[in-house]
Amino acid sequence: MTADRDLATIFGESGSEIITHENRTVRAFVRIEVPARATLEITRLTASRRRPQAMKISANVGELVVDGSRAPTIALWADTSPRKVLVTIDNDERTTVDLWNAWRYGGADHAWLGNAGIVVQAEADHYTLQCSDGVGAVDFTDLVVTVRISPDRARPAGHVPGS
Amino acid sequence: MLLTPDRMTDSEAIVLFAAAMLAMAIFAIAVDWIGKPIRRRFVPKIFRYPEELAGPPDPSRTAWSDSTFVVPENPPLGVPIEYPDGSTEWSDSLFVVPDAHPSTRAAVLEPGLVPIIDIDTADEPDTTREPAPIDTADEPDTTREPAPIDTADEPDTTRAERPVPVAAGAVAAAPTPGRRLVPERSTGWRPGQYVFNRTRDGNEPRSDVVRSRFWKNIGISDHAGAFGDLNSSRLSTGKAPARRNPRSGKTELMHLDVTTFEEAAGRPPVPSWPGDELDPFAGS
């Protein structure tokens, strides 16, 4: 009986960030282990036109570097960012990054409300994140992105810049 | 000496049992320690759930990035307008009094706000901008002693069920550059009315009262559903929406920074969730 409750309610009742909805595993956010100085290639396949969608990425250790900007957490909005973005993790050790979707509604950014959730498909060399924003019915096509992880071969571990 | 059950005393049996448990614990720790280097191999957690598949997106319900957008002649409220140059206007601003677009299109007021009036011509009668008359038949008696502060200007909850559709869907004229625009304020407040309305006694509303009014207005609007089922009761009682942050496991409240009417120039406050993400492409 999940039809009468939104995903946020189910997440709250389960106390978990992973639930099952209509025979699919739905996550509140996705945590991925990444090697040191890895690069994430984020490609947006589709984004709903009903409201701006965003993929938010946060490094649990270290910082993210995107297009010359550096921060622990970044937001890639569908109405401003390029379709393909390279995100470098500036950390000397293996770490994890969290990804979750957000949307703009009424002039404010929202996440983890209503029917928000992420379904993940693991491919051979990348992951596909199919995201539902929290407004209206569950729709995992509100934002669809692929995440491809590659080690930074130009800067292997132990490499000293300038040497 | 080999101990056998028929020759062991109770104390010897306890010592033997403790020794066996200690040996098992040491063995488990050793296995765990040896196993760590193996587990350090890069195996994304995401691969642990290979069965996850939502199916391909339905093109008829989505906007593919490479698709050609068609400019709608009369886009419904809440649907972005796509201009030929690729720019997009998102018109579902709920919290902010929208400025007029550079084009000649008029700005649309959100429900619950009175129409914008020009401060320089406020004294001039303009029937087209007058808000709908408010039925004051059920207004509380202002001669009685003021109620406690938290509810001094709040309506009786039994009366709060009937929102007043003041200026819902009203259209305001495009503002003139350089002229300050402020909404018109009334005295007293009921759900659906302007959050900066003066109290029944004619005083400025306190910031916590403005917050409560703000959330109650959201709670009775069509936008309440955007905050999810869990927040409907909170909004109806004037409380800020809450959400569970799954990364931290903590509950977060939506923040609403309220200033005075004058400091805000009449603009309703804009709420925000905790977080300081960087948008590296902002302004691009």
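Bear in mind these aren't lab numbers, they're just calculated from the coordinates by the rules spelled out. Since the model is a prediction, treat every value here as computed from it, not as a measurement. A quick note on method: Cβ atoms are made from the backbone with ideal geometry, for glycine too, and the neighbour counts reach across all protein chains shown.
Using alpha-carbon positions, what is the distance between the centroids of region A:54-74 and region A:77-139, in Å?
Region A:54-74 and region A:77-139 have Cα centres separated by 13 Å.
Taking the Cα centre as origin and putting +1 on Lys and Arg beta-carbons and -1 on Asp and Glu beta-carbons, what dipole magnitude results for region A:7-151, to the nearest 20 debye? Could the numbers behind the result be given before it?
Numbers: 15 positive and 18 negative charges, 77 e Å.
Using only the charged Cβ atoms, the result is roughly 380 debye.
Whose amide H sits under 5 Å from the amide H of residue B:278, counting only residues 5 or more places off or on another chain, with H placed in the peptide plane?
Distant-sequence amide H within range of residue B:278: A:73, A:74, A:75.
On average, how many beta carbons from a partner chain sit within 10 Å of the beta carbon of a residue in A:77-83? Mind showing how you got there, number by number?
On the way: counts 5, 3, 5, 7, 5, 2, 2.
For peptide A:77-83, the averaged partner shielding equals 4.
Quickly work out the residue A:92-to-residue B:206 label distance, labels modelled 7 Å from Cα along the C-beta direction, and quote it in nm with one decimal.
Roughly 5.4 nm, to one decimal.
What FRET efficiency comes out for residue B:253 versus residue A:67 if R0 is 35 angstrom and r is the Cβ-Cβ distance? Round to the nearest 0.05. Before the final figure, lay out the partial values.
Working: r = 33 Å, r/R0 = 0.93.
Once rounded, the FRET efficiency stands at 0.60.
Where a ≥ b ≥ c are the square roots of the eigenvalues of the C-alpha gyration tensor, would you call chain A rounded, which needs a/c under 1.5, or, failing that, prolate if a/b is larger than b/c, or oblate? Each step should come with its number before you reach the end.
Values: a/c = 2.25, a/b = 1.78, b/c = 1.26.
Since a/c reaches 1.5 and a/b is larger than b/c, the shape of chain A is classed as prolate.
Farthest toward the dipole's positive end in region A:7-151, which of A:95, A:115, A:151, given Cβ charges of +1 (Lys, Arg) and -1 (Asp, Glu) about the Cα centre?
Comparing the listed Cα positions along the dipole, A:115 ranks first.
List, in order, the whole-Hz ³J(HN,Hα) value for each residue of region A:22-34 obtained from phi through the Karplus relation with A = 6.51, B = -1.76, C = 1.60 and θ = phi - 60°; use x for Gly and Pro.
Along region A:22-34, the couplings run 6, 6, 10, 7, 10, 10, 7, 8, 10, 10, 10, 7, 9 Hz.
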